[in-house]
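Chemist: This is the structure, below, for whatever I ask next.
The values are calculated or read from the model by the stated rules, or taken from the named source; none is laboratory data. What you are looking at is a predicted structure, and each value in this text was computed from that prediction instead of being measured. Ideal geometry is used to build each Cβ from the backbone, glycine not excepted, and the neighbour counts take in all protein chains shown. Side chains are part of the model used for accessible areas, which takes the heavy atoms of the whole protein and leaves out ligands, DNA and RNA. Shrake-Rupley method; radii C 1.70, N 1.55, O 1.52, S 1.80 Å.
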Amino acid sequence: MFNSEEIRNDFPILNRTINGKRLVYFDNAATTHKPIQVINAIKEFYEKHNANIHRGLHTLSQEASQMYEEAHEIVAKFINAYSWREVIFTSNTTEALNLVAYGWGLWNLREGDEVVVTIMDHHSNMLPWRLIAQLKKIKIKYVDITNEGYLKYNHLEELITRKTRVVAFPVASNVLGTINDTMKISKIAHEVGAIVVADGAQSVPHTPTNVRELGVDFLAFSGHKMLGPTGSGVLWGREDILEEMKPFKVGGDTIKDVTLDYIVWHDLPWRFEAGTANIAEGIGLAEAVKYLTKIGMKNIRNHEIELVRYTLKRFEELGEEIQYYGPRNPYDKTGVVSFNVKELDHHVVGAALDVFGIAVRTGMHCAHPLHYRLGLKGTIRASYYLYNTFEEIDYLMESLEKIIMLKESFSKEKPSTLCTGT
Ligand code: PMP
């Protein structure tokens, strides 16, 4: 039985108070908290097994190497990869997506080629292609969205032509929560021979993922957004494409042999994991995956659907004071709800919610083109995970009601000491 109250006991940080109030953490799309099992796995690694991997015949190095390799296997199984050779550990989604742009795009794109991305992409899946476009004189095309925040699939079909070599998109939007039809996009892209680069940063932590069914060629995601440590991320790629792809960072552990005349690249995935890896982080990520698997990804997905359904219902009760964005149907989105309070700057609301102990993200969430498309200067984003509860949503609504009541006393200006909100 899924029980978020019981799950909370595994997360020490959830006992914290912020401004004298119990922490309500609704910033899971940025990063999630870590259960004690993950914290202990990292601690145990440093206390008992710490050594560099693939570098020594001594016992500690052998143990660390084995643990790190097993971590790849555990992640491979979690996403139903054919082999752990297809699983490259990176620092985060951003690094994984840059690896595709520089490892594949830089070497395979030619002047006149086209790359199709979406207006709802996070900068991490858009800007690498923008730089490659400048270098290689290729054209970028942007798929539009409907006013409700769904991708316009007929526009996507119009944009994809024989010139399209890459189609990049988020499996789920980090602002609207929209879950895109990955299989459909992959099919359309493959009909013209394009490669499909899916940003799974907001989907892999929240929904069951099966790379054999998705039909994509690459899938990037962040370990730190799925209970793993910061510095952990993954690029899954189709083995035949990875075999042909060039490394993006090169150096130690990427080669089998080097002379002054030739380089023999290492086997997959080590060819793409240059330098000393984030070893403890990779092992911590595997522990996070074990934890998520034990809870069950379907259970997590169902819990988030109900949290979103409840939030939208409560928003409706607040009437025109709240404007929210993205699909209205909770089945079409992940546990991400972006909104604004009428007449109040998003940063002002974010700072006020912090006074109540509620952590939300405010700004454009690294998706500026999407916000400009929607005519917004920014949004307040509540993003949920397995440890969030309906009571916490009630508390968010009560706090918002108080903020709305006190509206006149708030400065209309953006607080100057706050983050830039990008
Ligand atoms: N893509 C999406 C959809 C995201 O939500 C994020 C994180 N906000 C990223 C990419 C980048 O992730 P990271 O910062 O871990 O590289």
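Chemist: Restricting the search to the stretch 40-57, which residues are more than 11 Å from Ile283 (Cα to Cα), at pLDDT 95 or above and among the aliphatic types (A, V, I, L, M)?
Modeler: Ala51, Ile53
Chemist: Okay, next question. Give me the residue from the stretch 110-124 that is more than 16 Å from the ligand (Cβ to nearest atom) and out of contact with any Leu (no Cβ under 9 Å at 6 or more places or on another chain) and, out of that set, farthest from Trp265 (Cα to Cα).
Modeler: Gly112
Chemist: Looking at the structure I just gave you, is Arg165 more than 16 Å from the ligand (Cβ to nearest atom), in contact (Cβ under 8 Å) with a residue 12 or more places away in the chain, assigned to a strand (DSSP E or B) and open to solvent by 10 Å² or more (accessible area, probe 1.4 Å)?
Modeler: Yes.
Chemist: While we're looking at this one, here's another question. For the stretch 337-345, state whether one or more residues are in contact (Cβ under 8 Å) with a residue 40 or more places away in the chain, under 30 Å from Met297 (Cβ atoms) and out of contact with any helix residue (DSSP H, G or I) (no Cβ under 6 Å at 6 or more places or on another chain).
Modeler: yes
Chemist: If you don't mind, there's one more thing I want to ask. Name the single residue that is nearest to Met297 (Cα to Cα) among those in the stretch 198-219 being touching a Phe, Trp or Tyr at 6+ places or on another chain (Cβ under 8 Å) and among the small types (Gly, Ala, Ser).
Modeler: The selected residue is Ser203.
Chemist: How many residues are within 16 Å of the ligand (Cβ to nearest atom) and open to solvent by less than 30 Å² (accessible area, probe 1.4 Å) when one looks only at the stretch 85-100?
Modeler: Result for the stretch 85-100: 8.
Chemist: Return the pairs, sorted by first residue and then second, in which the second residue is of a type in the set (Asp, Glu), the first residue lies in the stretch 374-386 and is closer than 14 Å to Lys333 by Cβ, the beta carbons are less than 9 Å apart, and the residues are 6+ apart or on different chains.
Modeler: Arg381/Asp27; Ala382/Asp27; Ser383/Asp27; Tyr384/Glu304; Tyr384/Glu392
Chemist: Given the criteria touching a residue at least 24 places away in the same chain (Cβ under 8 Å), away from the ligand (no atom under 16 Å from the Cβ) and of a type in the set (Gly, Ala, Ser), does Gly103 qualify?
Modeler: Taking the combined requirement at face value, the residue satisfies it.
Chemist: Checking Ala352 against (1) outside any loop (DSSP other than H, G, I, E, B); (2) out of contact with any helix residue (DSSP H, G or I) (no Cβ under 7 Å at 6 or more places or on another chain); (3) more than 30 Å from Lys298 (Cα to Cα), which single condition isn't satisfied?
Modeler: The number of the failed condition is (2).
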